[in-house]
Amino acid sequence: MHLLVVTSRSDRSETAVYRGLVARGHRVDILCKPGTPDVDCLRAGGVTCHPLRLRHRLDLPAALTVRRTLRKLNPDVLYAPRNDSLAVSLFASRTARLPVVAYRGTVGHISRWDPACWITYLHPRVARIACVSEAVRAYLLGFNLPPTRPVTIHKGHDVAWYDAMPKPSRADLNLPQDAFLVGFTGRVRPVKGGDVLLKALAKIPRDLNVHLVIVGEIADKSVHPLIAALALRDRVHCLGFRHDAAAVAAAFDAFAMPSIEREGLPRAAIEAMSQRVAPIVTRVGGMPELVVDGECGRVIPPRDVDALAAAITSLARNRPLCRQLGAAARRRIETHFNIHDTTTKFEALFTTALREVRTS
């Protein structure tokens with residue numbers, strides 16, 4: 001099979017899938033932004049990289065580049081894992097006889113009344129949509145898509161990636177050595193439930209010495225005023241954006257993702273779980289698929305301040321249980337969310353889409 005990927009970037013899991021397909025004997029070419037670190041890693045794994053400057057989903061020069069590449073390479077399958085690359089790929093391939101496969105990593109932001117959706121996920125020529133979680137697949141089926149079009153493929157990871165990372169110590173991060181640290185990594189937006197997390201922290205007895213660490217840009221304007229209003233300045237540590245956020249997560253005792261809506265399958269939670277950090281997540285999107293309540297973490301209702309406070313308190317009072325859940329969380333990633341299974345499922349997805357075109 002010859003796969004052509006059209007994208008603006010490639011994250012670590014995607015890069016591993018493309019390299020894995022090459023290792024299994026497939027040919028993979030990728031059109032992507034030149035000069036990024038991803039390109040070096042892709043080339044080292046046998047992926048052939050071609051330059052593409054993709055500005056937006058109606059980028060005509062980019063579409064012409066994709067069309068010329070299709071005519072030159074004549075691939076079997078076209079995979080476009082970004083909104084902009086999908087729109088451009090569908091336009092560029094309108095006269096080509098090959099399957100176009102998309103990717104969807106979040107719940108929400110699709111509407112029958114939005115023209116942008118009809119040139120991407122609701123376009124009739126999309127052969128398959130790889131969904132990062134069953135929750136995303138169920139959401140897409142609500143738009144009356146053929147039931148075979150959205151396919152759940154959890155984005156896998158390799159725990160060895162995180163074992164190899166240099167990890168800053170609590171002292172390096174100016175964090176209290178003896179505190180029970182609950183961490184959050186990622187961009188703090190209103191849908192992430194930052195206000196719920198702060199209100200929960202305020203309910204936890206101070207003698208438990210529970211502190212919150214936020215790693216990432218704080219885009220929710222309610223967060224800083226709420227920290228002040230709840231008198232939490234001495235218990236909340238805002239580290240800002242860090243390129244090593246995944247490594248910083250290793251310093252946490254527990255990881256909290258109290259999202260209130262639209263989660264697909266949060267990478268930040270997987271990164272923490274891979275490092276034996278016990279997760280506390282809400283019953284939103286794909287998170288209940290990731291965390292089994294009571295076995296490898298805690299799953300609570302969204303917007304429930306008391307339930308979140310109780311979950312954190314129980315782990316802070318029982319640190320052996322917290323470590324046990326953290327170890328089980330790592331095993332969960334190793335056995336159910338590993339990159340090898342993800343590569344196998346993508347291989348099957350592309351092969352099935354190609355077979356349908358050839359037999360139609």
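Each value in this text was obtained by applying a stated rule to the coordinates, not by laboratory testing. Computed from a prediction, not measured in an experiment: that's the story for all the values here. Here the Cβ is made from the backbone with ideal geometry for all residues, glycine too, and neighbour counts use every protein chain on show.
Each Cα pair under 8 Å and six or more residues apart adds its sequence gap; the mean of these over the residue count of the chain is a relative contact order of 16 percent.
The loop-placed chymotrypsin sites (Phe, Trp or Tyr not before Pro) in the stretch 141-233, going by DSSP, that have at most 16 neighbouring Cβ atoms within 10 Å of their Cβ come out as Phe143.
How high is the relative contact order of the stretch 129-192, given as a whole-number percent (alpha carbon pairs under 8 Å, six or more residues apart)? Kindly include the intermediate steps, with their values, before the conclusion.
Values: 31 pairs, mean separation 17.0, N = 64.
Relative contact order of the stretch 129-192: 27 percent.
Of the peptides 40-53, 325-338, 72-85, the ranking by mean beta-carbon count within 10 Å, highest at the top, reads 72-85, 325-338, 40-53. This model, with +1 at the C-beta of Lys and Arg and -1 at the C-beta of Asp and Glu, gives the chain a dipole about its Cα centre of some 1040 debye. For the chain, build the charge dipole from Cβ charges (+1 Lys, Arg; -1 Asp, Glu) around the Cα centre, then report which of Pro190, Gly264, Thr120 sits farthest towards its positive end. Highest projection toward the positive end goes to Thr120.
Restricted to Cα atoms, the stretch 136-207 shows a radius of gyration and a Dmax of 19.6, 55 angstrom.
What you get for the stretch 173-294, charging only the Cβ of Lys and Arg (+1) and of Asp and Glu (-1), is a dipole of about 280 debye around the Cα centre.
Residue order for Cys322, Cys296, Cys117, fewest other beta carbons within 10 angstrom first, comes to Cys117, Cys322, Cys296.
How much space per residue, in cubic angstrom, does the convex hull of the C-alpha atoms of the stretch 159-336 take up? Intermediate values should be presented prior to the final figure.
Details: hull volume 17.8 nm³, N = 178.
Looking at the stretch 159-336, the number lands at 100 Å³ per residue.
The computed Rg and Dmax of the Cα atoms in Å for the structure shown corresponds, within (i) 21.6, 68; (ii) 20.3, 64; (iii) 19.5, 59, to (i). Across the stretch 142-282, C-alpha contacts under 8 Å between residues 6 or more apart give a mean separation that, scaled by the residue count, equals a relative contact order of 29 percent. Shown is the FRET efficiency for Leu60 and Arg27, computed with R0 = 45 Å from the Cβ-Cβ distance and rounded to the nearest 0.05: 0.95. Model label sites at Gln177 and Asp40, defined 7 Å from Cα along the beta-carbon direction, differ in position by 3.7 nm. Amide H to amide H, with H built 1.01 Å from N, Val151 comes under 5 Å of Ile129, Ala130, Cys131, counting only residues 5 or more places away or on other chains. Between helix 60-73 and the chain there is an angle of about 60 degrees, using the helix long axis and the longest principal axis of the Cα atoms.
Given the pairs Lys33/Lys221; Lys155/Lys192; Lys33/Lys345; Lys155/Lys203; Lys167/Lys199, which span a C-alpha to C-alpha distance of over 31 angstrom in this model? Display every interim value, and only then the final one.
Numbers: Lys33/Lys221 33 Å; Lys155/Lys192 20 Å; Lys33/Lys345 26 Å; Lys155/Lys203 35 Å; Lys167/Lys199 29 Å.
Flagged as over cut-off: Lys33/Lys221; Lys155/Lys203.
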